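Derivation of every value follows stated rules applied to the coordinates shown; laboratory data play no part. This one's a predicted model, so the numbers in the text were calculated from it and none came from an experiment. Please note: Cβ atoms are built from the backbone with ideal geometry, for glycine as well, and neighbour counts cover all protein chains shown.
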Amino acid sequence: MFCIIAFIVLSIIAIFNVSYRALAKEAYECVFRRITFRPCNTGFKEKMQAKLVGKLLTKSVVAARFLNKHFELLAWLLFLTTVASIFWTGKGLFNFYMYGSCNGLNKSGFCALDPKGENNKVSQTGGSCGTGEGDESKVTLAGMNTDLFPSKNIGAKDEVVLIGCYSCDYTRKAYPLVKQLISKNSVNYTFAHYPVKEETLYLLPIGYCAYKQDQDKFWQLNDRLFASEKNDIAKKEFVDTLLEDIGYDVEAINICSTSPETNSAVVERRIELEKTNIYGTPLVFINGKGLVGPKPYRVYERILKGWRFW
Amino acid sequence: MKQNIVDVVKIRQDFPLLGKEGVYFDNACQSLRPQFVIDAMNEYYNEYPACGGRSMHHLAAKVTHKCDEARDAVANFLHTKRKEEIVFTRNTTEGINLVAHSLGLKEGDIVITSDKEHNSNLIPWQVLKEKLGIEHKIIFSKEDNTFDLETYQQALNNNVKLVSLGLTSNLDGVTIPAKEIIQLAHKAGALVLLDGAQAVPHHEIDVQDLDVDFLAFSGHKMLGPSGIGVLYGKYALLEKLEPFMVGGDTVSSSTYLTHEFLPPPEKFEAGLQDYAGIIGLGAAVKYLSEIGFDFIEQQEQLLNKYITDALHTIKGVTVIGPEDPTQRGGIASFYIPQKDHHQIALMLDETSKIMVRSGQHCVHSWFHAHNIPGSVRASVYFYNTLEEAEIFVRELKKVVSIL
């Protein structure tokens, strides 16, 4: 058993330190003999045991005696720990590749490959930023009527829904990736503004009216809002200029946005979005699968394409 | 180099490695080299790295001269009748093989060895037994592992052509009563070949006084370089021997069909020689001669007595060979049943850089016959100190206590 554990450990160390390669090779020979049902007669275990126990003996006689007496048992424990560790490492790598988090889809525990947890961070509905305190497993598109929100390429087989906030950092991080995704693939794309900060609440009725006035120009407006400084889009005068620049009838939009009917529509849509159990932005649904926080592009594409991704 | 050195501390200053690399107690395998020997070899490579005995230019002449000097030094060291009795070989093994394959042994001839021979003095006879049909007789040692003269005497007869024995055993350090053995052999008409690998570095050898016919030994156990050895042979016998390896520098002339061998030792020294090795060996014997074997034996016995006394206090330890350490030269070979000898050696190295040999020391036959897996062998030389012996004993006790 010791040979196997030594082979694994020494092989890893040998990648970085050439002086361990001979030992790793020796361990391999021992393992090879074992897997070919021959006894390991290279003396490798005895040599390593003597070296390890000898090293420990210079520090503590008691510890050295314990190690020597229980060497095989400790080797077994180390082996099992290593196997478990390899399994969890493999699982972590798999999860990171597949979902952008070592812990799985939308799981926000520590991940060495994303130590700051950037791929799971959201702008919380309370207005602050963080990994959120909601239940990631409960986010769902079921029950939400996406027809109420701006959509394009309706009828396409695949569906992408982005629920985000114009002035939130993480939505701003995810937006260009989602845009890249929909430009490269034929998808039914829906965008829903879910402001988690008060200063952009006023954009809800404006967005509603703009889409109502001209659907094509709405997507330009969307791009411009995400491309602008956060401070600027908090100012209505700046947004009016944007609308005018795009070619909207600003006066008509302003009248529309203050109307009771618009107010009702905005409230209705807000209620509809709450059905997703959203607790922070961005929240991206790709063919119904909810992704909380800005994920790497490969994750979006892989979920969209399924097996075709490979 | 110092004259008549008896101060170990001063002697140790001649050895670049001592004091830097832990405790070196593997001298039976290979000794360390003094700077004097290293310098002699470096001088060859730096100042006259040419062929000896061939070219006529001044560098070649210097090589020839230096090699002659070395041959002289070795001849004086062994008290030979003439320097031509010294044949340079690669090592003891080659010397023994040279005799084995050149002596003209034939079917039915008997070769006697002991039960404690190094593989170098066992395998050649086993091979000749298979190839030529010679008979190989083994003289088993007495209970204390010393040579059984009585059994030996009984084994001698007219068919015994050669008695080939290790003068000092690398297993336990026991030296055989060579003079009596040789006298008895000669009386029975047999020649005697001694494996001197473990004896020549530690004891004064006078080949004329011993009247030994052949003596093989290596440079690397006696402060000399590795890859160089010596076969001493009585000149008259060397003249009769057919060379084992032939070729360049073994003949005075040749035609497409014939050749004329040079006299000994040249006819046995085929091909380009290890000049640096020969010169280094010459320096080593000079150094040893100046140290003196009285001091060497005295220092080895002092250390071995200390080590042996301490070994007897460790539970379970069995020392191979006679109880009396003075009969075991500088070797203390021991084992502890159920405790792995390699593990002990490795742990000594790991804890305090104490270097000893473990295993069967190329005497597998003895270990197999006695059903002992192996031993730990501590072998000291004159440059080792009592302080090192104390460290060895202290660490050994610590290691054994946890196994």
Sort B:218, B:358, B:253 so that the residue with the fewest other Cβ atoms within 10 Å of its own Cβ comes first and the one with the most comes last.
B:253, B:358, B:218
Only helical DSSP H runs with n ≥ 4 go in: add -39500 (n - 2.57) per run for chain B, normalise by residue count and round the 222 nm mean residue ellipticity to 500 deg cm²/dmol.
-12000 deg cm²/dmol
Using Cα-Cα distances under 8 Å and only pairs 6 or more residues apart, what relative contact order does chain A have, in percent?
20
Looking at chain B, identify the longest residue range that excludes and avoids all GluC sites (Glu not before Pro) in DSSP loops having at most 14 other Cβ atoms within 10 Å.
B:144-322
In the structure shown, of A:51/B:339; A:107/A:157; A:107/A:230; B:116/B:240; A:179/A:217; A:121/A:197, the pairs separated by more than 25 angstrom at the C-alpha atoms are A:107/A:157; A:107/A:230; B:116/B:240
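What does the charge dipole of the stretch B:114-251 about its Cα centre add up to, to the nearest 20 debye, if the Cβ of each Lys and Arg holds +1 and the Cβ of each Asp and Glu holds -1?
The calculated dipole for the stretch B:114-251 is roughly 320 debye.
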For chain A, set up a GNM with springs between Cα atoms under 10 Å and report which of A:273, A:221, A:23 has the largest fluctuation.
A:23
In deg cm²/dmol, rounded to 500, what helix-only [θ] at 222 nm does chain A give when every DSSP H run of at least 4 residues adds -39500 (n - 2.57) and the total is split over its residues?
-17500 deg cm²/dmol
Treating only the Cβ of Lys, Arg, Asp and Glu as charged (+1, +1, -1, -1), what charge dipole size does chain A show about its Cα centre? Round to the nearest 20 debye.
2740
How many nm is it between the label spots at residue A:62 and residue A:245, if each spot is 7 Å from the Cα in line with the beta carbon?
7.5
At 0.36 nm per residue, and after removing the present C-alpha to C-alpha distance, how many nm does the segment from residue B:131 to residue B:245 gain when stretched out fully?
39.2 nm
Between residue B:55 and residue A:18, what FRET efficiency follows from the Cβ-Cβ distance if R0 is 56 Å, with the result rounded to 0.05?
0.80
Could you compute the FRET efficiency for residue A:214 and residue A:113, with r as their C-beta to C-beta distance and R0 at 41 Å, rounded to 0.05?
0.40
Given the Cα-Cα distance of residue A:228 and residue A:76 and 0.36 nm per residue of separation, how much length would full extension add, in nm?
48.8 nm
In this structure, among B:129/B:179; A:116/A:289; B:353/B:397, pairs with alpha-carbon gaps over 18 Å are B:129/B:179; A:116/A:289
How much of the DSSP beta bridge set in the stretch B:96-245 is antiparallel, as a percent to the nearest 5?
25
Remind me, relative contact order of the stretch B:38-290 in percent, using alpha carbon pairs under 8 angstrom and six or more residues apart?
25
Please arrange A:98, B:222, B:355, A:144 by how many other C-beta atoms lie within 10 Å of their C-beta, fewest to most.
A:98, B:355, A:144, B:222
Hey, got a sec? Which trypsin sites (Lys or Arg not before Pro) in the stretch B:155-215 land in a DSSP loop and have at most 12 other Cβ atoms within 10 Å?
none
Hey, which lysines would be in cross-link range of residue A:212, C-alpha to C-alpha under 21 Å, not counting anything within fewer than 8 residues on its own chain?
A:152, A:236
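Relative to the Cα centre, what is the charge dipole magnitude of the protein assembly as shown, using +1 at the beta carbon of each Lys and Arg, -1 at the beta carbon of each Asp and Glu, and rounding to the nearest 20 debye? Intermediate values should be presented prior to the final figure.
Working: 76 positive and 83 negative charges, 393 e Å.
In debye, rounded to 20, the protein assembly as shown gives about 1880.
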Test of understanding: in a Gaussian network model of chain A with alpha carbons linked when under 10 Å, which of A:224, A:269, A:34 would top the mean-square fluctuation ranking?
A:34
What range in chain A is the longest one free of GluC sites (Glu not before Pro) that are in a loop by DSSP and have at most 16 other Cβ atoms within 10 angstrom?
A:1-132
Considering only A:221, A:231, A:288, whose Cα is most displaced toward the positive end of the charge dipole of the stretch A:118-309, charges sitting on Cβ of Lys, Arg (+1) and Asp, Glu (-1)?
A:288
In the protein assembly as shown, taking the dipole from +1 charges on Lys and Arg beta carbons and -1 charges on Asp and Glu beta carbons about the Cα centre, the listed residue (A:31, B:132, B:310) farthest towards the positive end is A:31
